[in-house]
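The values are calculated or read from the model by the stated rules, or taken from the named source; none is laboratory data. None of the values given here were measured: they were computed from a predicted structure. Reconstructed Cβ throughout: ideal geometry from the backbone, glycine too, with neighbour counts over all protein chains shown.
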Amino acid sequence: MRLLTLLVPLFLLPATLLAEQPAKDPLAGLKQPSRACLWKVEGKDLTKPSWLFGTIHIGDPRVTTLHPRAEEAFDALDVFYAEIDLDPAAQAALLPLMMRKDNKTLSEAIGPELSKELDATLKSINPEASTEPFQPLKTWVVTMTLNVMVMFKNTPEELQGKEALDAVLQARATKAGKKTDALETADFQMKIFEVLNEKEQQAFLAATIKQIKEDPGAVEKQGKDLLTAYLTGTPRDLGKIMKKAMTQVEGDKELTERFMKAVLDDRNIGMANKADEFMQGAKDRSHFFAVGALHYTGKTAVQKLLRKRGYTITPAFK
């Protein structure tokens, strides 16, 4: 499922999409986004404006260099919020949550046929890769990691391991002595994927393997399209890419829709609730909420939900 690469938790994407581009690259010459993925929040007795900022969970230098309007809002913040705590110690605590709890290895759980297909797919990405490192991991973790491997297959070595935008911003806020917090807990983010039972997780893994086999360049292209949309477009452009990327498990539309509701719509509602709680709890402070830009798209976009709660939300894209 290609969409997993768009919604993958931040801790699984510590790399950049920057790669060698063709001569007519729309990003040529860009050193930062051409627009700020930013909304100003006022009203409901707030004495300072707060901000909703859309991120993309990668570390491309053109992404981590903020648009001047976003930089100005960031410099004025009193409290910074990410999706989850991005402190290294908190990130390290995530590893046990990715491990299987069924007393089986990955191969035992998914069976010999799917294991064989997974091994062949891994070797098509990297001849030295194998399923061995994946054996203790939950099936959904393997699916997302597989997508990431394809997306970053051609990333220059010197650009690998770059901190994603969200982590860069939290580190900057911490260094500046600002308070930091999160809209979700890491445990909550991980449990989102438990909406899929083991059989359903395997269905998504099989669908992902099939897609990579049929069109190995599609996932990498999707990542480049996403980067281009973030640097030159609007959240609506990102939303279009998301819809295009939605791939259903063959013959099971309900499963895909249920998964999307859990990873996006339900989370948007939770994020809006927490943002409202934080702002109302400290009306004299400037709150800066930095979450994935996709959370600002669609019918349950965070800014739309906050507008319904009585806030005045003003786009600050230019």
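So here's what we get for this one:
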item	result
Which listed residue is at pLDDT 85 or above, under 22 Å from Gly310 (Cβ atoms), surrounded by 20 or more Cβ atoms within 10 Å (Cβ to Cβ) and aromatic (Phe, Trp, Tyr), from Phe289, Phe278	Phe289
The one condition in (1) within 23 Å of Leu231 (Cβ to Cβ); (2) in a helix (DSSP H, G or I) that Glu117 fails to fulfil	(1)
Members of the stretch 76-100 found to be small (Gly, Ala, Ser), within 30 Å of Lys40 (Cβ to Cβ) and outside any loop (DSSP other than H, G, I, E, B), listed by number	Ala82, Ala90
Selection within the stretch 203-217 - of a type in the set (Gly, Ala, Ser) and surrounded by 15 or more Cβ atoms within 10 Å (Cβ to Cβ)	Ala203, Ala206, Ala207
Residues within the stretch 177-208 that are more than 20 Å from the chain's Cα centre (by Cα) and without any contact (Cβ under 8 Å) to a residue 60 or more places away in the chain, tallied	5
In the stretch 124-163, the residues that are outside any loop (DSSP other than H, G, I, E, B), modelled with pLDDT under 85 and touching a Pro at 6+ places or on another chain (Cβ under 9 Å)	Val150, Leu159
Any hit, the stretch 265-272, residues being of a type in the set (S, T, N, Q) and more than 18 Å from the chain's Cα centre (by Cα)	no
Residue tally, condition at pLDDT 95 or above, of a type in the set (Val, Ile, Thr) and outside any helix (DSSP H, G or I), over the stretch 164-185	1
Only one of Ala90, Ala23 that is at pLDDT below 95 and over 20 Å from the mean Cα position of the chain (by Cα)	Ala23
Pairs, first within 16 Å of Asp276 (Cα to Cα) and crowded, with 16+ Cβ neighbours inside 10 Å in the stretch 298-318, second of a type outside the set (Lys, Arg) and modelled with pLDDT under 95, C-beta under 6 Å, six or more apart	Thr300/Asp265; Val302/His295; Val302/Tyr296; Gln303/Tyr296
Count of residues meeting criterion [touching a residue at least 60 places away in the same chain (Cβ under 8 Å), exposed (fewer than 15 other Cβ atoms within 10 Å of the Cβ) and touching a strand residue (DSSP E or B) at 6+ places or on another chain (Cβ under 7 Å)] in the stretch 90-116	0
Boolean, Asn126 is buried (at least 20 other Cβ atoms within 10 Å of the Cβ) and of a type outside the set (Val, Ile, Thr)	no
The stretch 76-112, residues that are in contact with an Asp or Glu (Cβ under 7 Å, 6 or more places away or on another chain) and β-branched (Val, Ile, Thr)	Val79, Ile84
Odd one out for Phe193 among (1) at pLDDT 90 or above; (2) surrounded by 17 or more Cβ atoms within 10 Å (Cβ to Cβ); (3) of a type outside the set (Gly, Ala, Ser); (4) part of a helix (DSSP H, G or I)	(1)
